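Computed from the coordinates by the stated procedures, all read-outs in this text should not be read as laboratory data. As the structure is a computational prediction, the values presented were derived from the model and not from experiment. A quick note on method: Cβ atoms are made from the backbone with ideal geometry, for glycine too, and the neighbour counts reach across all protein chains shown.
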Amino acid sequence: MGSEGLFDDMGGRFTARLRHHQTLTHTSPGGGRGESISVRSRLGVLEARFDLEVLDRLHEPCFVAIERVLGGIHTRGGGDAGKAYLVYEVTGVSPTHYQMLAMNTALPTVIRKEYLNTIYEGWGVSDETWVDVHCAPTGYMVVEDGGRPVFTRSSLVPLAGAPAHLLSREATRSFLCVEGGVPIGTILGFDIELTVDIHSLVKYHAGVFGFTGTGKSNLTSLIVRQSLDAWGGDGTVVVFDVAGEYAVNLADMLATGGILYSPEELGDVDSLLESQTLPETLESKISAEQLRAWAGGLVDDGRVRPLQLGDEGGGGITLGFLLDTLRGYKDDRKTGAVQAAVLIERIRVIASEGGLELDVPVESLPAEARGELSEAISQTLGGLNDRSSLYTDLSAVLSVLEGGGGRAQGVDGGSGANTPESVALQAVSKDAPPLIIVYTPEPRDARVASSRFISRLLYLKKHGYRRRVGVVLDEAQEFIPYDTRRDDLTLQSSLAVESLLRQGRKYRAHCVLATQRVAHLNTNALQQLHSYFVSTMPRYYDRLVVAEAFSLNYEVLERTTELDTGQWLFVSFKSTKQRNVPVFIQTPNNEDKVAEWFRMVSS
Ligand SMILES: Nc1ncnc2c1ncn2[C@@H]1O[C@H](COP(=O)(O)OP(=O)(O)O)[C@@H](O)[C@H]1O
Ligand SMILES: [Mg+2]
């Protein structure tokens with residue numbers, strides 16, 4: 001790629017220079033959580049020559065590269081003549097006429113009219129017009145090395161007056177796309193498929209955020225398909241579905257290799273069909289007969305199975321799970337590692353003296369053992385900072401312990417029925433189905449099912465089961481809300497999901513979650529996500545939560561308000577070529593795959 005290859009000057013139309021940098025602060029009082037958030041974002045402001053084509057092009061997502069002559073220490077090892085370009089992402093444009101700056105409503109109307117006439121006639125003709133281009137630093141610079149662009153991280157700041165160039169299509173591809181990666185969508189503003197490392201996308205946990213109807217479940221279904229594809233048979237995805245969307249969204253995979261579990265009565269075709277939502281857009285593509293045939297097939301093949309939840313107030317928090325959680329703190333030398341180590345020893349003593357079983361829910365333990373455990377945990381809590389995550393985890397366990405009692409039943413009910421624990425075992429077994437959907441329309445059931453499933457999954461993983469498992473939580477605010485309570489079981493499900501997020505990677509257990517209200521989500525959980533997709537979120541507060549949780553430039557995020565269904569701002573620390581460079585993409589429509597499969601099987 002020659003020097004023309006790195007940049008696209010739009011046939012000589014694009015010329016721009018850096019004017020200055022500015023820092024903007026966005027603050028919201030209160031909002032969903034009753035606490036104020038303030039984020040600061042840095043922006044460069046370029047002055048580009050006024051040109052209509054340039055103006056229109058800059059409305060689309062694009063990157064600019066601002067020249068920077070390097071000081072001696074930076075030039076070693078590459079780059080021609082010590083010149084680099086700092087890469088910025090365009091966040092907004094505003095065409096400006098010199099006279100606009102001198103005009104205000106205090107001027108008499110006749111004069112304002114005069115001004116407006118001059119301004120309108122001046123666009124593109126007068127030298128006094130230009131385009132202000134706002135752009136956010138990506139944290140990268142590019143140098144040319146033997147004609148090829150080489151991108152490296154850089155926190156250098158360009159100097160006022162420095163020329164800026166539009167990054168060409170080829171250079172943008174080389175900046176963003178992973179060689180040999182899996183395509184997940186088309187980069188908006190360019191006709192380029194964004195390729196990513198799909199393994200890392202799921203391995204380091206991903207989030208999908210957007211208002212209802214922006215396409216979260218659709219995109220999540222695509223991610224499920226691509227992960228399973230990439231895993232090539234070594235892995236199972238377990239979807240926790242409260243809205244009844246996934247059986248249809250993954251209809252083909254369910255029919256050919258999936259199982260649907262539910263505590264609802266779904267044993268006949270009618271109740272199965274009634275329980276699931278068919279997107280309106282699919283109604284015209286799949287006939288009622290086709291759907292019935294599909295549902296009938298699922299029932300006949302034994303793919304729809306009852307799930308027994310019982311009334312597990314503890315949500316499956318066992319002594320073994322508690323020990324494993326503590327071990328996580330100890331091994332990772334996190335805050336509280338020492339306290340965790342001490343507590344592990346005390347619990348071991350209590351367990352061996354009382355002959356306690358490790359996989360019985362803690363609230364089902366004998367009263368005496370519960371008393372001793374509570375005391376040990378309370379003492380540990382006394383020595384911890386109440387903002388540490390160990391404190392949060394232990395308080396949750398404590399409140400489950402103290403709320404328990406009176407129930408001595410084992411977790412499996414002993415009957416060979418399907419339980420969250422048996423589903424976990426199935427998911428890690430050698431002949432596991434690739435797809436398991438757990439449909440629980442009652443949020444309480446969803447929390448019981450997910451927390452017991454996850455606790456057992458992590459337990460099994462720690463005892464040698466290697467099979468990869470992806471856990472999908474749609475409507476994640478039902479599982480890991482910002483405010484947790486014991487009586488509605490959100491405390492239990494939060495504890496389990498947080499453990500999955502924190503420890504899962506080590507054990508090949510991964511999580512994808514989707515939610516419409518980020519502000520209502522547990523912040524600890526959010527911070528464990530290394531990749532995320534954002535679509536339109538109408539509430540300012542939600543956007544600020546995302547900007548703050550992920551240190552994402554707010555001006556870039558603000559552009560999500562213009563996105564359409566199926567369009568996303570995608571940011572990843574692990575799965576993209578560069579870390580945390582926000583990219584706007586259009587993802588394929590999962591429903592096309594579903595419709596195509598129905599067409600194929602009925603022809
Ligand atoms: N990538 C896409 N391309 C085209 N249409 C889409 C796309 N994603 C979603 N849609 C449309 O939007 C509708 C809502 O999508 P859905 O995934 O159910 O949204 P959410 O889960 O955010 O409420 C779908 O029925 C579909 O018609
Ligand atoms: Mg949805």
Net dipole in debye of the stretch 3-176 [+1 Lys, Arg Cβ; -1 Asp, Glu Cβ; about Cα centre; nearest 20]
660 debye
Which ³J(HN,Hα) values, rounded to whole Hz and listed in residue order, are derived for the stretch 184-196 from phi using the Karplus coefficients 6.51, -1.76 and 1.60 in 6.51 cos²θ - 1.76 cosθ + 1.60 with θ = phi - 60°, glycine and proline given as x?
10, x, 9, 5, 5, x, 9, 9, 10, 7, 7, 9, 10
Fully extended contour minus Cα-Cα distance, from Ser352 to Glu283, at 0.36 nm per residue:
18.9 nm
Pair His20, Gln379: separation of 7 Å Cα→Cβ label points (nm)
6.2 nm
Take the alpha carbon atoms of the stretch 84-122, find their center, do the same for the stretch 417-452, and report the distance between the two centers in whole angstrom.
60 Å
Would you compute, from DSSP H runs of 4+ residues alone, the mean residue ellipticity of the chain at 222 nm, taking -39500 (n - 2.57) per run and dividing by the full residue count, rounded to the nearest 500?
-11500 deg cm²/dmol
Would you mind computing, in nm to one decimal, how far apart the modelled labels at Asp483 and Leu159 are, each placed 7 Å from Cα along Cα→Cβ?
5.5 nm
Once phi is turned into θ = phi - 60°, what whole-Hz ³J(HN,Hα) does the Karplus curve with 6.51, -1.76 and 1.60 give for every residue of the stretch 257-273, x standing for Gly and Pro?
x, x, 9, 10, 9, 7, x, 7, 7, 10, x, 10, 4, 5, 5, 4, 5
From Cα pairs below 8 angstrom and at least 6 apart in sequence, can you work out the relative contact order of the chain, rounded to a whole percent?
19 percent
Anchor Lys577: aspartates and glutamates whose Cα lies under 14 Å away (excluding residues fewer than 8 positions away in-chain):
Glu179, Glu193, Asp197
Average silhouette area of the chain, convex hull of alpha-carbon atoms, in square nanometres
33.3 nm²
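Taking Cα pairs under 8 Å and at least six residues apart, what relative contact order does the stretch 319-403 come out at, in percent?
Details: 76 pairs, mean separation 25.9, N = 85.
Value for the stretch 319-403: 31 percent.
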So which aspartates and glutamates can Lys462 reach, going by Cα to Cα under 14 Å and dropping same-chain residues fewer than 8 places off?
Asp324, Asp331, Asp359
